[in-house]
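Here the structure comes first, spelled out in C-alpha cells, and everything after it is commentary.
The values are calculated or read from the model by the stated rules, or taken from the named source; none is laboratory data. This one's a predicted model, so the numbers in the text were calculated from it and none came from an experiment. With ideal geometry, Cβ positions are generated from the backbone for all residues, glycine too; neighbour counts draw on all protein chains shown.
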Amino acid sequence: MNYSLISKIAASLLLVGVLAGCGSDSTAPAAAPVVVAPTTFTVAGTAATGAALDGATITITGSDGKTYPAAGDPAIVTAADGSYSIILPLTAKPPFVVQAVRADISLVSVVAEAKDSTANVTPVTNLIASRLSSSGDPTKLAAEFLADPTLLDLAKITASVAEVVKLIQPLMDAVGDSTNPLNGNIQVAVTAGTGADKMLDSLSISITPSSDKTVNIEVSVKQKQAEGEQPVVIAFSGGTGVTAPAATLPTVVATDLVASGNAALIADLLQRIQACYAVPLADRIASGGKTAADIVAPACRTIFSGDDPANFKSGGAIVSAAGAWSSIFSGINLPDTKGIRFDNGSYDFTRANGDLVIAFRSLSSLDAVTYSTAVVRTEGGKLKLIGNQYKYNGDVNAYQQLRNFINQPAADYYSTGYNLTVNATADVADVAKVVVTSPSGKTLVLMPSSGSNYFPLVKSDSTISGTSFLRLARQYLDTGNTGDPALADTGVFFSPDRFDSAAILAIPAQAKWKFDYYLKSAPTVIDATQYFTTRARAMTIAELKAQPLANMVDEFYASVKSEQTVTTTAAGTYVAANPADPAQLKFDWVVPTGALEPTSIQVYGNYLPTGATTRSPFNDKLGVKSTARTGTITCSSGGSGDTHCDSTGKYVATDRFNGVHLWAKDATGRDFAHFYAIYTVTIVP
C-alpha cells in the first residue's frame, strides 16, 4: 500500500474542507500544521570484508539487552551489495551493538545514538568494537555492555574510531579515501571496488583470544612483496591489560596494492569455476579423458591461464585426473545434490611476479568444508588459474597441538609452531633433502623416510624425527611442571630455543619460508628454491588453551589400554597390530561447542622392514567430512620397501601403533591436532 500517496490525498481533502468552511472571510487565521512526532529511526550501512558480505544476518542489540529484529520477526539480511537497513522504535535504548553473521564470518559494529545512523560492519569496525570490549573479543561486546553500561558511549566510540583511523591512516592515504570507516558512506566504494573497499581488501586484521578476558591483535597490509621479504606487523593487546598500538602502519606504496575492483574479480572467478562444475561430465571431459588436454568444455578451459588447463602447475602438480583440480574429472555436477560450491573468496597477497594469491572456501554436497588458496593471473580483465609454477610440492602452515598421553597424563602438553610439508609424491622422488630457512634465518632439514607419506624433520644428530611439525612454544598441562616437554618427548622435533609468547607474537602472519631442494643425483647442488607464505602465525600457548578441540570418545582410552601388550625398552608401551581385528583402527570423536570440526584422522606407528634390525616409522591417514564423527583407517603402503602392510593390505603383526590424532584447519590456514600418545616418556622437571 502506498502510504505516502494516501497521506497526500488526506492532506488535500483536509485543505478542501478548511477552504469550504472559511466562506468569504479572508481574515480568518490559517490552521496550524499538524506535526507528527517520529516513532522510529533507521540504522543502515554496508557489511563488507573487501568483497560485499552478502547474505549476512544482521542483529542489533540495545543497552537494555533487547534485540532487533525481535524473535519471530523476519530476519534482516544483507543484499548482494552488502547493504542493509533496519527500522528501530524510538524506545530502543542506545548505544547499540550491530552484528553481521554469515557462516564462519562474524563482524561487529556500534551505534551511539537512537537516531537515523549509518553503521558499517567490516573488519575495521570489528577492531573498533574490540577496543571497546572489556575482553577484547568483539563478539562478546553486546553481553559485556549489558553487564556494564559504562563500556559504551558517544565519547568512547569516537575515541576508538580515532585510535583505529590513526593506526591505518597510511593505508587510507595510499588508497585516497578518508571516509569514516564506522559511519561514513562506503557503499559506492564497495560497489566500485575502490577507495574504502580497496583499503578493506588490503588490510589484514587478526583478533585472537588468549583467555576469556584478553586478545592479541595484529594489523598489517596485504600487498606486493619481494620473495623472502617479511611484512611489517603492528601488534598490541585488548581486553584486560589492554595496550595501545605502538606505531601506525608504515608508509604504503599505492602501486604495491592490489588493483581496484579485485574483490569482484575473485567472486567472478569462483562463479566461473562453479559454472565449470555445472557442465555435465560427458560434455566437460572427452570420453575416458584423464589429462588437461581432455578438458573440452569452454566453461572449464577458460578458468585457466591462456584458456588452457595445461598451463597450470602448482607444487609439481599439473591438471589431471590424479593431479591438480582432479575433481573436474569426476562426476560432480551443479546445480544438483552432488555439487561443489565455491565462496568466501578473498585476496591474500601479490607475488613478486605480479600474480595474486587468493583464498576461498569450497563445500561439497556432504557439507565437507575445505579452505584453499590459489595463485591466479589477471588476463583480459579476468582472473585465471595459473598455480605457483613450482617444480616441487611444499607448504607451511601454523600448527597447534594438544598431546595427551593415555597412560601418563602427567606428560600431557601443548605445543605450537609450524608444519613444514613436503609430501612424498612422484615429483620429489629424486629429492634427497629439503633445507628450509625460517623467517628468522634459522635452517632446518627435511628428508624422505621409508613408510612415511611426507618428509620428516631431521634432528641435529642426523636421526629422522618422524614428524614435520616444528614445535616452537610448549608447555605442560600441569602448570606446576615448568620443565621443557622437549626433554621428555625426545622422539619428536622441538626448536632448540623455547619460544615464549612475545617470540611467537613477533612472527608475521604472512611469514615467508624458503625451501631449497637437493637431488639424490646431485646432493650438494640446489636444484630449486621455492618460497612459501603462511596465512596466519602460530598461536601462543595461551591462545591455544582458549581454543576448544575435538576429542576422542571416552571409550577410546579404555580400548587402547586393554590392547597394550607390547613393551619396548626404547620408548615405552605400544599397541600391537591385530590383523584379525579391523575395528582396532575405527575411531569415534565428539566436537564441543566452539571447536573446529576434524577433516582427517591419522595413525602413527613403526614397523620392522624385512631383513632390518631397526624399526621405521609409518603413518596412515583418512580424510573425513566435517560433519563426520567416526572413521576407519586402513593400512596404506608408503611405497617400495614399506612392509607395514601385508599383501592383502592389512597391518602386520609386528606393527606397533604409538599415536593417533584428530586434525582440523581453520579459515586462516592454521592446523590443529589433538594427538593421543600411546607410548610413555620419562618426564624431566
* Quick one: would you say Phe469 is under 28 Å from Ser626 (Cα atoms), in the same structural domain as Asn423 (by TED's automatic domain parsing) and of a type in the set (Phe, Trp, Tyr)? -> yes
* **Check on Gly136, at pLDDT 95 or above and either on the phi > 0 side of the Ramachandran plot or not assigned by TED's automatic domain parsing to the domain that holds Leu53 (or both)** => yes
* Asked: Is there a residue being surrounded by fewer than 22 Cβ atoms within 10 Å (Cβ to Cβ), on the phi > 0 side of the Ramachandran plot and at pLDDT 90 or above anywhere in region 44-63?
  -> yes
* Could you check region 339-395 for strands (runs of 3 or more DSSP E) lying wholly inside it with 2 or more residues that are in contact with an Asp or Glu (Cβ under 7 Å, 6 or more places away or on another chain), surrounded by 17 or more Cβ atoms within 10 Å (Cβ to Cβ) and outside the structural domain of Val431 (by TED's automatic domain parsing)? => 356-363, 369-379
* Tell me which residues, restricted to region 176-221, are among the polar types (S, T, N, Q) and under 24 Å from the mean Cα position of the chain (by Cα). => Ser202, Ser204, Ser206, Thr208, Ser210, Ser211, Thr214, Asn216, Ser220
* To do: Specify the residue that is modelled with the lowest pLDDT; the eligible residues are those in region 588-627 that are small (Gly, Ala, Ser) and under 26 Å from Glu543 (Cα atoms).
  => Ser626
* For region 602-628, name all the residues that are of a type outside the set (A, V, I, L, M, F, W, C) and in contact with a Pro (Cβ under 9 Å, 6 or more places away or on another chain). => Tyr604, Gly605, Asn606, Tyr607, Arg615, Ser616, Pro617, Ser626
* To do: Answer with yes or no whether Val279 is surrounded by fewer than 22 Cβ atoms within 10 Å (Cβ to Cβ) and either touching a Cys at 6+ places or on another chain (Cβ under 8 Å) or in the same structural domain as Asp173 (by TED's automatic domain parsing) (or both).
  => yes
* Asked: Looking at (1) of a type in the set (D, E, K, R); (2) in contact (Cβ under 8 Å) with a residue 40 or more places away in the chain; (3) surrounded by fewer than 21 Cβ atoms within 10 Å (Cβ to Cβ), which is the one condition that is false for Arg403?
  -> (3)
* Asked: Going by the conditions given, is Gly239 at positive phi, in contact with a strand residue (DSSP E or B) (Cβ under 6 Å, 6 or more places away or on another chain) and touching a residue at least 12 places away in the same chain (Cβ under 8 Å)?
  -> yes
* Contacts under 8 angstrom Cβ, first residue in region 82-94 being surrounded by 17 or more Cβ atoms within 10 Å (Cβ to Cβ), partner part of a loop (DSSP other than H, G, I, E, B) and of a type in the set (Asp, Glu), 6 or more apart -> Gly82/Asp54; Pro94/Glu113
* Determine whether region 98-114 contains at least one residue that is in contact with an Asp or Glu (Cβ under 6 Å, 6 or more places away or on another chain) and either touching a residue at least 60 places away in the same chain (Cβ under 8 Å) or closer than 21 Å to Gly193 by Cα (or both). => no
* Which residue, of Pro231, Pro250, is surrounded by fewer than 20 Cβ atoms within 10 Å (Cβ to Cβ) and either in contact with a Ser or Thr (Cβ under 8 Å, 6 or more places away or on another chain) or more than 30 Å from Ser501 (Cβ to Cβ) (or both)? -> Pro231
* Structure fact -> Within region 295-333, residues touching a Leu at 6+ places or on another chain (Cβ under 6 Å) and surrounded by fewer than 22 Cβ atoms within 10 Å (Cβ to Cβ) come out as Gly331
* Pairs under 7 Å by beta carbon, first residue in the same structural domain as Gly238 (by TED's automatic domain parsing) in region 149-168, partner among the aromatic types (Phe, Trp, Tyr) and surrounded by 14 or more Cβ atoms within 10 Å (Cβ to Cβ), six or more apart or different chains? -> Leu151/Phe145; Leu152/Phe145
* To do: Kindly indicate whether Leu152 is buried (at least 23 other Cβ atoms within 10 Å of the Cβ), within 25 Å of Gly239 (Cα to Cα), modelled with pLDDT under 95 and over 29 Å from the mean Cα position of the chain (by Cα).
  => yes
* Structure fact -> The correct count of residues that are in contact with a strand residue (DSSP E or B) (Cβ under 9 Å, 6 or more places away or on another chain), within 24 Å of Ser220 (Cβ to Cβ) and not in a helix (DSSP H, G or I) in region 126-185 is 7
